Amino acid sequence: MRQFAKSAFIAAAAALTALPAAAQDLTTLRVSIIPIIDIAPLQIAMTKGFFEEEGIEIDTTPTAGGAVGLPALASGAVDVTFSNSVSIALGAAQGLGFKVIAAGSFTGKEAPDIAAIVAKPDAGIKTGADLDGKKLAVNTRNNVIWLYANAWVDATGGDSSSVTYLEVPFPQMLDAIDGGQVDAAFLVDPFLNAGVSGGAVEVAGYPYNTIQSEIPIGMYAVTEDFLADNPDVVDSFVTAYNKGVDWANDNAGSDEWNEIVSGYTRLPAERLAGLDIPPFHKVVDPEALQPTMDLMLKYGLLREEMEASSILADSVLAK
Amino acid sequence: MVMQSTSDDTLPPTRPADAARGRVPALGARVGQSRWTGLLLVLALLGLWELSARFWVDSANWPPFSRVVMALFEEGTGRELFFVFAASLRLMLTGFVIGAGLGIALGVAIGLNRFLREMLSPMVELLRPLPVPGLVPPLILLLGIDAAMKGTVVAFAVLFPVLINTAQGVRAVEPTLLDTARTFRHGRARSILAVILPASLPYIFSGLRISLALALIVTVVAEMIAGGTGIGYYLMTMQYAMRSAEMYAAVVLLAVTGYALNFIIVSVERRVLRWYFAQQD
Amino acid sequence: MQDGCTLALDGVTKSFSQGRPEEMMALADISLDVAAGEFLTVVGPSGCGKSTFLQIAAGLMEATGGAVALDGRPVDGPPGGLVYLFQQYTRSLLPWRTVIRNVEFAVEGRGRASRRERREFCMEFLEMVGLADFADRYPWQLSGGMQQRVAIARALAAEPRILLLDEPFSSVDALTRMELHDMILKLWEDRRFTALLVTHDVDEAVMLSDRIAVLSSRPSRIVETIETGLPRPRDRITTPELPRFLELRHYLLESLTKPKDHAA
């Protein structure tokens, strides 16, 4: 009903002011999100009206991560899901037909990064070799964090198969280290920043950076069917989203930027100000994504090789 | 009392919820006394919370109780929490009413009909122990991620305690009551409405009490999994925003809500089952 | 009010667990004719199957063999015009209903009387048993004797043409029992329904009945039926002093305590 009233109002306004045809009829897209900093461009594009300019209305549904967002995407409960490269690739490998239409978040260009393996300052953990036979906290097993934790341990002289991975939610990781339940944890911002600046933990290494610079992690996916049936809507979504990317990069750290981001993450402004947020991108280079697919094969998440380009739609590739 | 010996076996043999709820069987002064002791215990624990957070436990996730209370009265928080709780309670009550209604109806059917009982009890026993998180992924495929899915999860959790208790209550209905209804030539429907349901109410209420507590928990868990409203979502968001004082403010309110809900249902039970408790005393 | 009706049992047998090793014959070939408006009592020793007999007569239990007929019509379920007064009033009254609502239970679903009419109709029966002042109490707030009076009022509110009484006075004290005897006799004399009582209490049987049927122990059969021939109205003081009363009492007690002599 509200939808109808809104459409009716816009239609009436269009008749009076002769707005472009696209604005007369808003297409609603349901987007599954995780309310973290990574989706700042989407929230910015929503707040700044970029989607409406493209004739789209966004209806976001927060979920507790890819475990819900992607099944919801597969079932058609949502049209677009923000998830991570590993979960999307796993779904695609299971024949769910996921396609990435827009880039989301990337790791940093150089250290210090947004995610790190940390331990108590006096624990003497500096490399993967120091973690042999130890306990490492990851938020979820068999996901992107777990994958790069394995890769880092092996890349820095350790043996990932000797490490015990324990599932600990990010907010509890510092307590788990403090309480001795784990020896180290793969922590992300803002918890990483809080833990390091408070002196509770020290960084042992930046697993993403150690493997590769600017790894594409978060991304927006649709199903192949949705893409085939709604190419124009997808194009409009990507156009509006990319405007949000530009705005986010141009205005990073501004008051308005902080206001929008702390508005949906509920992060206090002072906490947000202390974070170093890498720039957002519009394009996912298949070659930048391929190492992640290869690691998935190496650590048993994939049974056979997967071409990164096979899950990337045209709209996210370089033009 | 004259009737004690003949009426004993018309009463439910076990009241599983009683122990959990800590009902005090004695009347009068001892109840008042233990209630004060209980309140003192709560105050002592809150004091321990305050002291531990100030002097012993150094964690961003463990704010002193006084800070939690302050957060509750900060501008906007109380108002926001009101809407957050309203959304959750609405979801919870919807699921509760649907689940309890189905539970009572199915419980009566299973209690009365041996064929149904033998056909359905293996399924009930298989489905009953399913944990909520395990239930969510298949339900997302069927029902999406909105209120329909979450309401179903809550109703599902509510269903079984009510169903099992109702069926047990129906089977325990005094046969003489049923014969009485028969000799007055009351039909099946009137017998169910006028005899079987009221006679099973002590059991049904046991189920309802267990289910109500369960419904609140399951609602919060479901909201943690998906959706942008409710207590569960608020808890998650505040936890990830490192705002533990607000998070615990919601937790404290959740505890108070749980206590209030139980108080309400026990009061309703006391009223509706006056005849039952009067016979027991 | 309609007159009492006749009840005829013809060769009724009852076996429990039929065809299994634990098979138990409760009733062996019971034939009995209860005349319209008559007060007939079946006496028998404890455990002789009196309740089984009465439940079969009421259509609450199926007989293994034989036939039951009410006014000539076969009984295959609780028939209209028949009301059963259970031994344990605590189990047959609805504890969640007030006294008056318990009486109303007898007539719910009959006709389209309004709530008020129904209540007024049922109040008359509460008045008959002297409980009008207790209409809005709950059964469990009353003494045992009062509860049984509620059950009697409820039974009569159904306007039975035949009332089956299953040891209804056995779980109250002796004085209360006498009061209930007086009351049931008065109500029966006023309303002339057929009454079929089972009891193990010989005094009660003699005091109330026109005719007494003596049941043997298991498997039960009717040993004999005796006309009491005592004058009515009966009086709780003088009737038991009559020679005929004492003679019947003596005879029945003897036959019940030495059942084998009679069966032979």
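The values are calculated or read from the model by the stated rules, or taken from the named source; none is laboratory data. What you see is a predicted model; the values in this text were computed from it and never measured. No Cβ is skipped: glycine too gets one built from the backbone with ideal geometry, and neighbour counts run over all protein chains shown. Ligands, DNA and RNA are stripped out before the accessible areas are found, and what is left, the full protein with its side chains, is counted by its heavy atoms. Shrake-Rupley method; radii C 1.70, N 1.55, O 1.52, S 1.80 Å.
For segment A:213-319, the helices (runs of 4 or more DSSP H) that sit wholly inside it and include 3 or more residues that are over 16 Å from the mean Cα position of the chain (by Cα) and touching a residue at least 24 places away in the same chain (Cβ under 8 Å) are A:224-229, A:231-250, A:255-265, A:286-298.
Yes/no matrix, rows are residues, columns are (1) among the hydrophobic types (A, V, I, L, M, F, W, C); (2) within 13 Å of another protein chain (Cβ to nearest Cβ); (3) within 22 Å of B:T77 (Cβ to Cβ):
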residue	(1), (2), (3)
B:A213	yes, no, no
B:T219	no, no, yes
B:A222	yes, yes, no
B:G228	no, yes, yes
B:E246	no, yes, yes
B:I265	yes, no, no
B:Q279	no, yes, no
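Scanning segment B:211-230 for residues that are open to solvent by 10 Å² or more (accessible area, probe 1.4 Å), small (G, A, S) and outside any helix (DSSP H, G or I) yields a single hit, B:G228. Scanning segment A:228-254 for residues that are in contact with a helix residue (DSSP H, G or I) (Cβ under 6 Å, 6 or more places away or on another chain) and surrounded by fewer than 20 Cβ atoms within 10 Å (Cβ to Cβ) gives a single hit, A:N251.
Please go through segment C:1-23 and give me each residue that is in a strand (DSSP E or B) and free of Cβ contacts under 8 Å to residues at least 12 places away in the same chain, ordered by number. Steps first, please.
First, the residues of segment C:1-23 that are in a strand (DSSP E or B): C:7-16.
Scanning segment C:1-23 gives a single hit, C:F16.
Does segment A:159-173 contain any residue that is part of a helix (DSSP H, G or I), among the hydrophobic types (A, V, I, L, M, F, W, C) and closer than 26 Å to B:R243 by Cα? Yes: segment A:159-173 contains one or more residues that are part of a helix (DSSP H, G or I), among the hydrophobic types (A, V, I, L, M, F, W, C) and closer than 26 Å to B:R243 by Cα.
Counting only residues that are within 14 Å of chain A (Cβ to nearest Cβ) and in contact with a Phe, Trp or Tyr (Cβ under 8 Å, 6 or more places away or on another chain), segment B:45-70 holds 3 of them.
Within segment A:94-112, restricting attention to residues that are among the aliphatic types (A, V, I, L, M) and either surrounded by 21 or more Cβ atoms within 10 Å (Cβ to Cβ) or farther than 18 Å from A:L227 by Cα (or both), the residue that is modelled with the lowest pLDDT is A:A111. Taking segment A:272-317 as the search range and keeping residues that are surrounded by fewer than 18 Cβ atoms within 10 Å (Cβ to Cβ) and within 14 Å of another protein chain (Cβ to nearest Cβ), which one is farthest from A:S213 (Cα to Cα)? Top of the filtered list is A:A273. Put simply, of B:R274, B:R243 the only residue that is out of contact with any strand residue (DSSP E or B) (no Cβ under 8 Å at 6 or more places or on another chain), under 30 Å from A:L267 (Cα atoms) and open to solvent by 10 Å² or more (accessible area, probe 1.4 Å) is B:R243.
Here is a yes/no grid of residues against (1) of a type in the set (S, T, Y); (2) at pLDDT below 85; (3) within 15 Å of C:Q148 (Cβ to Cβ); (4) crowded, with 18+ Cβ neighbours inside 10 Å:
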| site | (1), (2), (3), (4) |
| --- | --- |
| C:V83 | no, no, yes, yes |
| C:T90 | yes, yes, yes, yes |
| C:P95 | no, no, yes, yes |
| C:T98 | yes, no, no, yes |
| C:N102 | no, no, yes, yes |
| C:G109 | no, yes, no, no |
| C:A113 | no, yes, no, no |
| C:E120 | no, no, no, no |
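A:A194 meets each of the listed conditions (1) modelled with pLDDT of 90 or more; (2) open to solvent by less than 50 Å² (accessible area, probe 1.4 Å); (3) in a helix (DSSP H, G or I) apart from (1). One residue stands out among those in segment B:133-146 that are open to solvent by 60 Å² or more (accessible area, probe 1.4 Å) and in contact (Cβ under 8 Å) with a residue 60 or more places away in the chain: the one that is nearest to the other protein chains (Cβ to nearest Cβ), which is B:D146. The lone criterion from (1) under 15 Å from the mean Cα position of the chain (by Cα); (2) of a type in the set (D, E); (3) over 26 Å from A:Q290 (Cβ atoms) left unmet by A:D38 is number (3). When segment B:71-90 is filtered for residues that are among the aliphatic types (A, V, I, L, M) and at pLDDT 85 or above, the ones remaining, listed by number, are B:L81, B:V84, B:A86, B:A87, B:L89. If you check B:M123, B:M149 for being surrounded by 14 or more Cβ atoms within 10 Å (Cβ to Cβ), under 30 Å from B:G227 (Cβ atoms) and assigned by TED's automatic domain parsing to the domain that holds B:R90, only one passes: B:M149.
Residue under question is A:D113, and the condition is that it be of a type outside the set (S, T, Y) and farther than 20 Å from A:I277 by Cα; does it hold?
Numbers: of a type outside the set (S, T, Y): yes; farther than 20 Å from A:I277 by Cα: no.
Considered against the rule, which asks whether it is of a type outside the set (S, T, Y) and farther than 20 Å from A:I277 by Cα, A:D113 comes out as no.
Within segment B:156-202, the residues that satisfy the criterion of being open to solvent by 10 Å² or more (accessible area, probe 1.4 Å), touching a Pro at 6+ places or on another chain (Cβ under 7 Å) and facing another protein chain (nearest Cβ under 7 Å) are B:R182, B:R185. Only a single item in (1) open to solvent by 50 Å² or more (accessible area, probe 1.4 Å); (2) among the aliphatic types (A, V, I, L, M); (3) assigned to a helix (DSSP H, G or I) is not met by A:A149, and it is number (1). Restricting segment A:63-93 to residues that are touching a strand residue (DSSP E or B) at 6+ places or on another chain (Cβ under 6 Å) and part of a loop (DSSP other than H, G, I, E, B), the residue that is most open to solvent (accessible area, probe 1.4 Å) is A:D79.
When you look at C:L32, is it in contact (Cβ under 8 Å) with a residue 40 or more places away in the chain and of a type in the set (A, V, I, L, M), yes or no? Considered against the rule, which asks whether it is in contact (Cβ under 8 Å) with a residue 40 or more places away in the chain and of a type in the set (A, V, I, L, M), C:L32 comes out as yes.
Restricting the search to segment B:36-95, which residues are among the polar types (S, T, N, Q), under 29 Å from A:P190 (Cβ atoms) and part of a helix (DSSP H, G or I)? Within segment B:36-95, B:S52, B:S66, B:T77, B:S88 qualify.
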